[in-house]
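Peer 1: Below: one structure in C-alpha cells.
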Amino acid sequence: MTQTLRDISTLFFSTDPLEITDEEFEQVILPHFRAQRAKMLTTEATGARAPATKRISAPATLQLKDLDLTKLKL
Amino acid sequence: MTRLIDTPPGQPLPQRKAFTSDGLQMAFDSVSLGAAKRCPRYYMYSIVLGYQPKDMSPHLHYGILFHGATERLDHARVKGPLQDSDLIAACRWAMEAAGTRDPETGVFRPWRSAHEKKNLESLIRAIVWYYDEYINDTYKVLQLANGRAAVELSFRFPVGMQHAGEDYLYCGHLDSLGEYGGSVYGLDRKSTGGALTQMFFAQFSPSVQITGYNLASRLVYSVPSSGMIIDAMQVGAGFVRFGRDIVPHTEAQLSEWLTGAMYTIQQTQRWLEQSYWPMNEMACTMYGGCTYQGICRKDPSVRERFLEADFVRRGWDPLEPRGIDA
C-alpha cells in the first residue's frame, strides 16, 4: 500500500525529522527546493531579477500546543 | 558540538583546558585572539569571564548547522560519488539539530526562527542548492592516511612563547583541505546576507582567522597549501548564491601574522597581571555594534549587576574538541 505523503508545511512545522521518510524527502522536500533553484537559474539566465519565493507557511492544523512559548515575554 | 561550557548563575566558570588555574589563557583560537585584538574589555567579558548573550543569534545557529551538514557531505564525498541519499542524511541531520527535543518526553520542536533569511526553510534550501551547485566540484577533499576525509581538521601549534615552561598554543579547525587546480588549499565556508562582491572577499586578508588557517595548513600538515579558499554563500529570503575566492599569503605575511599574534597574547598576560582590561572605545560601533556596549555605557559600579541579569556565563575553551568525531 502506498503511504500518503505529507505536505511540506507539515514536514517542516509539525514532524520529527527522524519520522520523515526517505520517500517524503525524495518526492516532497527535495523537489520543492530544486524547483525553486531551477526557476531562479532560468530567470537569472535571461538577465531578469530572480522571482520571489513563497515561504512555507504553517499548516492550518497547527495548534497553540505545537508552539514553543518558553521564551515568550509578556 | 560547540566549545561553550554552561555555568549556573553565581558560580565561577569551571576550569577550562586552555587556561591556567590562575586564569591565564595559554591556548588561543581565532575567536579568542580576535576578541583580544578587537578590544581588551570585550576580551575580558566574552572570553575571560565568559558572558555570552542568552539566546544564540540566528546567524550563529544557522552557520553551525550549515557547517555540520556540509561536513557530512564532505565525509560522504570521499567515500564515493555523492548521491541523493547523502543529501537526505545531511538534511535530516540539520532539521533535527536545528530543533529541540524534550529529554523526558522525546517530543521534538522544529526550529522556529523569526529571521527573514536565517531560518529552517532557508537552511534546508542552502544545503540542497549547495549539493546541486557543487555535485561535480573540482575541489577534491583530500583523504588522510587513515582513510578519513581531511574535514574539520583540528590543529594546534606553539606560537614560540612560553609561560612557566609551557608553550602558548594557537589552535583551531580547518573546514577541509583539498586539491584544486593541481594545488592544495585549505577551505573555509562563510555565509552572509550581503552580496558576494570584491569587498566581501577583501575582508579575509588580512584576517585573524584566515591568515591563521593559512599558516596552520602549512605548519601542521605535510602537504603545503597554496592558500585558503573562501567558499561563500549569500543567503537571501528566497534564494542562495555561491561564490569562491582564493586568499594567498606570502611567507612574510604569515610571519607577520605570527608576530602580531604573539604581541597580542603578551598583552592578554599583561592585562591579567594588572587586573585591568581597558576599553577600546573605537571598536564599540564596529561589527554591527558591540554586544557589551550597553554594559560599558553604564557606571562601573552597576555593570556586574547588569551582566548577571542580561547575559549567561558560558566558558569558551579553544581546546574542547569539535566536529563529528568530538
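The values are calculated or read from the model by the stated rules, or taken from the named source; none is laboratory data. Quantities reported herein were computed from a predicted structural model and do not represent experimental measurements. Please note: Cβ atoms are built from the backbone with ideal geometry, for glycine as well, and neighbour counts cover all protein chains shown. Please note that ligands, DNA and RNA were not included when accessible areas were found on the heavy atoms of the full protein model with its side chains. Shrake-Rupley method; radii C 1.70, N 1.55, O 1.52, S 1.80 Å.
Peer 1: Using amide H atoms built 1.01 Å from N in the peptide plane, name the residues 5+ places from B:LYS190, or on other chains, whose amide H lies under 5 Å from its own.
Peer 2: The list, which skips near neighbours in sequence, is B:ASP231, B:ALA232, B:MET233.
Peer 1: Ranked highest first by average number of other Cβ atoms within 10 Å, how do B:20-32, B:104-116, B:198-210 line up?
Peer 2: B:20-32, B:198-210, B:104-116
Peer 1: Report the accessible area of B:SER255, computed with a 1.4 Å probe over the heavy atoms of all protein chains in place, in Å² rounded to the nearest 10.
Peer 2: Looks like 70 Å² after rounding.
Peer 1: For the protein assembly as shown, what % of the accessible area comes from carbon and sulfur atoms, probe 1.4 Å?
Peer 2: For the protein assembly as shown, the apolar C and S fraction of the accessible surface comes to 53 percent.
Peer 1: Expressed in nm², what is the orientationally averaged projection area of the convex hull enclosing the Cα positions of the stretch B:78-136?
Peer 2: 5.2
Peer 1: While we're on this one: For the stretch B:1-142, what relative contact order do you get, as a whole percent, if you take Cα pairs closer than 8 Å and at least 6 residues apart?
Peer 2: 17
Peer 1: If you don't mind, another one. What does the charge dipole of chain B about its Cα centre add up to, to the nearest 20 debye, if the Cβ of each Lys and Arg holds +1 and the Cβ of each Asp and Glu holds -1?
Peer 2: Dipole about the Cα centre, nearest 20: 440 debye.
Peer 1: Where the Cα atoms of the protein assembly as shown are projected onto their three principal axes, how long is each span, largest first, in whole Å?
Peer 2: The principal-axis extents, from largest down, are 72, 59, 43 Å.
Peer 1: How far is it, in nm, from the label point at A:GLU19 to the one at B:GLN266 when both lie 7 Å from their Cα along the line to the Cβ?
Peer 2: Placing both labels 7 Å beyond Cα along the Cβ direction yields 6.2 nm.
Peer 1: Then there's this: Please report the projected area of the stretch B:243-326's Cα convex hull averaged over all directions, in nm².
Peer 2: Working: hull surface 39.4 nm².
Directional mean of the projected Cα hull area for the stretch B:243-326 stands at 9.8 nm².
Peer 1: Using 19 Å as the Cα-Cα cut-off, could you pick out the over-long pairs in B:LYS79/B:LYS140; B:LYS118/B:LYS190; B:LYS17/B:LYS54? Before the final figure, lay out the partial values.
Peer 2: Numbers: B:LYS79/B:LYS140 12 Å; B:LYS118/B:LYS190 14 Å; B:LYS17/B:LYS54 23 Å.
Table pairs above 19 Å Cα-Cα are B:LYS17/B:LYS54.
Peer 1: Below 8 Å between Cα atoms, with a sequence gap of 6+, how large is the relative contact order for the stretch B:64-125 in percent?
Peer 2: Rounded, it is 28 percent for the stretch B:64-125.
Peer 1: Find how much the distance from B:ASP55 to B:GLN253 grows on full extension, using 0.36 nm per residue of separation minus their present alpha carbon separation; answer in nm with one decimal.
Peer 2: Result: 67.5 nm gained on full extension.
Peer 1: Using a/c under 1.5 as the rounded threshold, could you call the stretch B:108-234 rounded, prolate or oblate? The axes a ≥ b ≥ c are square roots of the C-alpha gyration tensor eigenvalues, and prolate needs a/b larger than b/c, oblate otherwise.
Peer 2: The shape class here is prolate.
Peer 1: Calculate the dipole size of the stretch B:107-218 relative to its Cα centre from +1 charges on Lys and Arg beta carbons and -1 charges on Asp and Glu beta carbons; express the result in debye to the nearest 20.
Peer 2: Dipole about the Cα centre, nearest 20: 280 debye.
Peer 1: To the nearest µm²/s, what D does Stokes-Einstein give for chain B at 25 °C and 0.890 mPa s, using the Kirkwood radius over alpha carbon pairs as Rh?
Peer 2: Value of D from the Cα-based Kirkwood radius: 116 µm²/s.
Peer 1: Equivalent-ellipsoid semi-axes (√(5λ), Cα gyration tensor) for the stretch B:20-112, whole Å, largest first?
Peer 2: They are 34, 20, 12 Å, listed from largest to smallest.
Peer 1: At a probe of 1.4 Å, how much accessible area disappears from chains A and B on forming the pair, both sides counted, to the nearest 100 Å²?
Peer 2: 2700
Peer 1: What distance in nm separates the simple spin-label points at B:THR100 and A:GLU44, each placed 7 Å from Cα in the Cβ direction?
Peer 2: So the label points at B:THR100 and A:GLU44 sit 3.5 nm apart.
Peer 1: If I take the Cα coordinates of the stretch B:96-170 and project them onto the principal axes, what are the three extents in Å, biggest first?
Peer 2: Result, largest extent first: 50, 40, 29 Å.
Peer 1: What helices in chain B pass both tests, a Cα length along the helix axis of 15 Å or more and a mean Kyte hydropathy of -1.0 or higher, using whole DSSP H runs?
Peer 2: Those that pass (Cα extent of 15 Å or more, hydropathy at least -1.0) are B:58-79, B:84-98, B:120-133, B:208-220, B:251-274.
Peer 1: Return the average number of partner chain Cβ atoms within 10 angstrom of each residue Cβ along peptide B:129-142.
Peer 2: 1
Peer 1: How big is the Kirkwood radius of the stretch B:181-326, worked out from every pair of different alpha carbons and given in Å to one decimal? Don't jump to the answer; show the numbers that get you there.
Peer 2: Values: mean 1/r = 0.0531 Å⁻¹.
Taking the inverse mean of 1/r over all distinct Cα pairs, the stretch B:181-326 comes out at 18.8 Å.
Peer 1: Taking +1 at the Cβ of each Lys and Arg and -1 at the Cβ of each Asp and Glu, which of B:LEU87, B:PHE66, B:PRO53 sits farthest along the dipole of the stretch B:1-131 towards its positive end, judged by Cα position relative to the Cα centre?
Peer 2: After comparing all options, I get B:PRO53.
Peer 1: Ignoring ligands and nucleic acids, what accessible area does A:THR15 show with a 1.4 Å probe (Å², nearest 10)?
Peer 2: A:THR15 has an accessible surface of roughly 10 Å² with all protein chains in place.
Peer 1: What's the percent breakdown of Cα-Cα distances in the stretch B:150-195 across 5 Å bins, shortest bin first?
Peer 2: With 5 Å bins starting at 0, P(r) equals 5, 17, 15, 16, 15, 15, 9, 5, 3, 1.
Peer 1: Could you give the nm distance between label points at B:ASP22 and B:THR285, where each point is 7 Å from its Cα heading toward the beta carbon?
Peer 2: In this crude spin-label approximation the distance works out to 4.0 nm.
Peer 1: Output wanted: per-residue J couplings in Hz (rounded whole) for the stretch B:99-116, from phi through Karplus 6.51 cos²θ - 1.76 cosθ + 1.60, θ = phi - 60°, x for Gly and Pro.
Peer 2: Along the stretch B:99-116, the couplings run x, 10, 10, 5, x, 8, 8, x, 5, 9, 10, x, 5, 10, 9, 8, 6, 5 Hz.
Peer 1: Another question, if that's okay. Before anything else, pin down the relative contact order of chain B: Cα pairs under 8 Å, at least 6 apart, normalised by residue count, whole percent.
Peer 2: 29
Peer 1: Let me ask another. Could you work out the per residue convex hull volume over the alpha carbons of the stretch B:198-271, in cubic angstrom?
Peer 2: On the way: hull volume 9.6 nm³, N = 74.
Once divided by residue count, the hull of the stretch B:198-271 is 129 Å³.
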